[in-house]
Amino acid sequence: MEGAIACVRPGLVTQTCGALARALRYFESHARVLHGGGLNPASANPCVGYGHGEVAFLLEVYGQLEEPDGIEGLVHLRQGGLTVSDQMLSAEKAGAWSEALALYEQASSARGRCGRAAALSQEETSACAEAGGGAGAGVGAAAVAAAEAQMAAGGGALYGPEGLRPLQQGHLRCLLQAGRLQTLLRLVDGLLARCRGATGIAAAATAPAPGALLVPPAAATPGAAAAACQLSALGVAAAWRLGAWRLLRGYLSVLQPPGGPDSGAAAAAAAAALGAGDQWELGVGALLEAMQRGAEEEMRGGLQAMRSSVLAVLPAVAAESYARAYPLVAKLHMLTEVEEAFGLMSKVRGA
């Protein structure tokens, strides 16, 4: 066991735990041992080069540290020039959401062209097989039909075993950060319908039955289910910002189905598919929806649960640096403002 633990790189462990400054320090020690030199190995050996894995590690650490200037310098360490991912990361961390959105759209278009080219190549192969006769003709035609159906459905390109593809997820998050909320809702609704084989949330939310919970049928695969959870969380984030309460209830009903024998399993699956940021957005959306309904007990319970989750991490994080603690302190301020707003609304309703 000790040997297995010793094989784990400290930098990777600290990065996974969120101790990014410590992860960077471990990497610098690793670079000094590997390349020689003092604090700056490149000064002793100007020919020092960093591999793609090392540059990717540094980019991820500096990105989470919110250091756009550091990222700008790091991307030039990559051999062969900047990649599209490097440009996306630089634009996101610099807050240039329009530029990042354009890069994501260009990457999506390029991927779509590659998919169409592959389908055409497969079609030409099947045509040659048909010209030659034999059983291979039917197989080639079936393969082309399957490829075309997959392209039309978009499922293969939309999600993987763990949920949404990074390209699709990054595109949607850029829309959220850029404030293009209506566009985001339309995309989320269409993609969610493709994932779960149901009509869109937005269309169902305008149905005649007011206040009805929308629970689309279960997704066919775990990847589709995880993608549906991620899309619904993005829908929650956009809906509460717009104050679209019926839409918000519809998205929450996907992530928090009503009580039943499988409700606990569904909630656990949703939590596993969502990151910390998505879970926070989901919690804020649920709080605001309860506040809009005037559900005091639900509101108090949600506030207490969210505060407890933040306070469980804050002492350890605050002991390391203020920069790591600041996002958690901001969340506590946000919860306090929500609580004060709810108290004011209760007084107005009571009057």
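The values are calculated or read from the model by the stated rules, or taken from the named source; none is laboratory data. Quick caveat, the model's predicted, so the values are computed rather than measured. As a convention, Cβ positions derive from the backbone with ideal geometry for all residues, glycine included, and neighbour counts pool all protein chains shown.
Just to be sure, is Val236 at pLDDT 90 or above, touching a helix residue (DSSP H, G or I) at 6+ places or on another chain (Cβ under 7 Å), part of a helix (DSSP H, G or I) and within 19 Å of Leu192 (Cα to Cα)? I'd like the intermediate steps shown before the answer.
Working: at pLDDT 90 or above: yes; touching a helix residue (DSSP H, G or I) at 6+ places or on another chain (Cβ under 7 Å): yes; part of a helix (DSSP H, G or I): yes; within 19 Å of Leu192 (Cα to Cα): yes.
The answer is yes for Val236.
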> Residues of the stretch 159-177 being over 16 Å from Ala107 (Cα atoms) and of a type in the set (S, T, N, Q), which ones?
Replying inline: Gln177
> Going through the stretch 294-327 one residue at a time, which ones are in a loop (DSSP other than H, G, I, E, B) and β-branched (Val, Ile, Thr)?
Replying inline: Val313
> How about the stretch 315-351: which of its residues are exposed (fewer than 10 other Cβ atoms within 10 Å of the Cβ), in contact (Cβ under 8 Å) with a residue 12 or more places away in the chain and touching a helix residue (DSSP H, G or I) at 6+ places or on another chain (Cβ under 9 Å)?
Replying inline: none
